[in-house]
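The structure appears below as structure tokens.
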Amino acid sequence: MTVTLRTDHLAKRYGRSLAVAGVSLEVEQGEIFGLVGPNGAGKTTTLKMLATLLPASAGDAEICGHSVRSDPDAVRDVIGYMPDSFGVYDDMRVWEYLDFFGRCYGLSAGRRRQMIGDLLELVDLTEKRGAYVQELSRGMQQRLCLAHALVHDPQVLLLDEPASGLDPRARVELRELLRELRSLGKTILISSHILPELEELCTSVAIIDHGRLLASGRVDDIAERFRLGAVYLAQVVGDEAQLTRAESHFAARSEVVSVARHGDGTLELALRGDEAAAAAVLTSAVRAGIKISSFAPAASDLEELFLQITEVGAAEHMNQAGQA
């Protein structure tokens with residue numbers, strides 16, 4: 001496959017603070033690539049550098065063969081950027097909004113008319129063509145801003161937290177729209193902290209925290225490469241006091257990354273290590289007098305993988321800070 005977007009030790013520093021610490025990743029043509037991380041991890045800064053809105057302090061990135069540092073104009077021709085807090089002109093009608101940006105890109109009147117019709121149909125806003133932007137719901141405004149990013153038919157889309165603030169129906173509609181854009185040949189880099197959304201949508205992900213890239217690739221490949229433990233479900237026998245005691249016991253074990261309680265009282269344990277580590281956790285619970293009726297692995301997901309990798313990454317970050 002052709003690599004459409006590549007970063008090479010891309011970094012951004014603000015004074016003594018390192019917001020992005022030498023990120024290197026590759027995104028293949030036609031992928032929906034998720035940039036995963038908590039708020040403040042460096043996702044927005046990375047996307048702004050890729051969109052040529054922020055100069056990199058070190059390293060470089062290429063999009064469709066064009067350098068963001070030495071050839072930013074060429075990069076802008078091939079990307080569509082949608083920020084996390086989008087701006088709309090409330091006093092414009094929907095068609096005027098898209099026409100305005102078509103003029104900014106130098107599109108002819110005939111091409112603008114075609115573009116407006118095609119994009120409104122794509123984002124399902126044809127019936128809102130004559131409505132004022134301020135009359136649209138947040139989900140509709142989000143789709144309109146995505147249409148704005150597509151005005152010049154870019155090859156690559158950079159989307160920063162596009163599902164933020166949307167209701168469940170609007171998120172489903174956005175997800176289906178992004179899948180359709182991928183089918184049209186677009187390469188999409190999308191940042192988000194809503195991990196279930198990315199897991200259903202993305203072909204590959206990169207996990208970033210404290211400005212550092214911790215892992216990248218397909219979810220299954222990342223799990224195998226880092227040899228991280230699985231997620232286990234423990235069914236505890238007893239009342240609320242017994243369940244609380246079991247929860248505290250598991251949380252104190254070094255093999256356990258996190259403990260979550262389900263509505264039915266089942267404890268979900270994210271473990272580091274192999275089956276031997278899981279056996280040690282179970283043995284310790286039995287020896288402590290905790291009654292467990294079942295203890296079995298559950299299917300791991302992006303959220304659990306993220307928790308495990310960032311737990312390890314946070315520990316390394318603290319060690320490095322202590323040595324500095």
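A short reminder: the numbers here are calculations on the coordinates, not readings from a lab. Since this is a predicted model, take the numbers as computed values, not measurements. Neighbour counts are summed over all protein chains in view; Cβ atoms, including those assigned to glycine, are modelled from backbone coordinates with ideal geometry.
For the residues LYS12, LYS128, what sequence is obtained by ranking on other C-beta atoms within 10 Å, fewest first?
LYS128, LYS12
Among the lysines, which fall within straight-line cross-link reach of LYS43, defined as a Cα-Cα distance under 24 Å, with same-chain neighbours fewer than 8 residues apart omitted?
Cross-link targets: LYS12, LYS186.
Let me know the charge dipole size of the stretch 230-299 about its Cα centre in debye, to the nearest 20, where only the beta-carbon of Lys, Arg (+1) and Asp, Glu (-1) is charged.
Dipole of the stretch 230-299, to the nearest 20 debye: 180 debye.
Gain in length, ASP118 to ARG218, computed as 0.36 nm per residue apart minus the alpha-carbon separation, to one decimal in nm?
So the extension gain works out to 32.7 nm.
Using Cα atoms only, what is the angle between the long axis of helix 240-252 and the major principal axis of the chain, expressed in degrees (0 to 90) to the nearest 10?
Result, in degrees: 80.
Using the Karplus curve 6.51 cos²θ - 1.76 cosθ + 1.60 with θ = phi - 60°, what ³J(HN,Hα) values do you get for each residue of the stretch 92-104, in whole Hz, with x for Gly and Pro?
Result, rounded to whole Hz: 9, 7, 4, 5, 5, 4, 6, 5, 4, 6, x, 5, 4.
Considering amide H positions built from the backbone, and no H for Pro or chain starts, which residues 5 or more places from VAL237, or on another chain, come under 5 Å of its amide H?
Long-range HN contacts for VAL237: LYS291, ILE292, SER293.
What is the distance, in nm, between label points placed 7 Å from the Cα along the Cα-to-Cβ direction at ASP90 and at SER70?
4.6
What distance in nm separates the two pseudo spin-label positions at SER284 and SER108, each 7 Å out from Cα along the beta-carbon direction?
Each label point is offset 7 Å from its Cα along the Cβ direction, giving 7.2 nm.
Please list, in order, the residues from the stretch 143-161 whose amide nitrogen is less than 19 Å from a point placed 7 Å along the Cα→Cβ vector of TYR14.
What the label zone holds, given the 19 Å backbone N cut-off, is 160-161.
Among 252-263, 208-219, how do they line up by average Cβ neighbours within 10 Å per residue, starting with the highest?
208-219, 252-263
Using θ = phi - 60° and the Karplus curve 6.51 cos²θ - 1.76 cosθ + 1.60, what whole-Hz ³J(HN,Hα) does each residue of the stretch 11-27 get, with Gly and Pro shown as x?
9, 9, 10, 10, x, 8, 9, 9, 7, 10, 10, x, 7, 10, 8, 10, 10
Given R₀ = 22 Å, what would the calculated FRET efficiency be for VAL172 paired with PHE100, taking r from the Cβ atoms and rounding to 0.05?
Plugging the Cβ-Cβ distance into 1/(1 + (r/R0)^6) gives 0.15.
Run through the DSSP bridge list for the stretch 3-224 and note the antiparallel percent, rounded to the nearest 5.
Among the beta bridges of the stretch 3-224, antiparallel pairing accounts for roughly 55 percent.
Quick one: plug the Kirkwood hydrodynamic radius of the stretch 230-299 (C-alpha pairs) into Stokes-Einstein at 10 °C, 1.306 mPa s, and report D in µm²/s.
135
Expressed as an acute angle from 0 to 90° and rounded to the nearest 10, what is the orientation of the C-alpha long axis of helix 138-149 relative to the principal long axis of the chain?
Taking the Cα atoms of the chain, the angle to 138-149 is about 60 degrees.
Between GLN235 and TYR132, what length comes free when the chain is fully extended (0.36 nm per residue of separation minus the Cα-Cα distance, one decimal in nm)?
Once the chain is fully extended between GLN235 and TYR132, it gains 31.6 nm.
Helix 275-287: angle to the longest alpha-carbon principal axis of the chain, degrees 0 to 90, nearest 10?
Once rounded, one gets 50 degrees.
Using only C-alpha atoms and all pairs of different ones, pull out the Kirkwood radius for the stretch 109-235 in Å with one decimal.
Roughly 16.8 Å, rounded to one decimal.
Helix-only mean residue ellipticity at 222 nm, the chain, DSSP H runs n ≥ 4 weighted -39,500 (n - 2.57), per residue, nearest 500. What is it?
Roughly -12500 deg cm²/dmol at 222 nm, from the helical runs in the chain.
With only alpha-carbon pairs counted, each pair once and no self-pairs, how large is the Kirkwood hydrodynamic radius of the chain in angstroms?
Radius from the Kirkwood sum: 21.9 Å.
In nm, to one decimal, how far is the GLU268 label point from the LEU307 one, both placed 7 Å along Cα→Cβ?
0.7
Using packing as a proxy for protection, rank 265-276, 184-195 so that the peptide with the highest average count of other Cβ atoms within 10 Å comes first.
For the peptides 265-276, 184-195, the packing ranking is 184-195, 265-276.
Lys/Arg Cβ at +1, Asp/Glu Cβ at -1, dipole of the chain taken about the Cα centre: which of VAL219, GLY273, PRO83 is farthest positive-ward?
PRO83
Taking Rh as the Kirkwood radius computed over C-alpha pairs, what is the Stokes-Einstein D of the stretch 4-161 at 20 °C in a medium of viscosity 1.002 mPa s, expressed in µm² per second?
128
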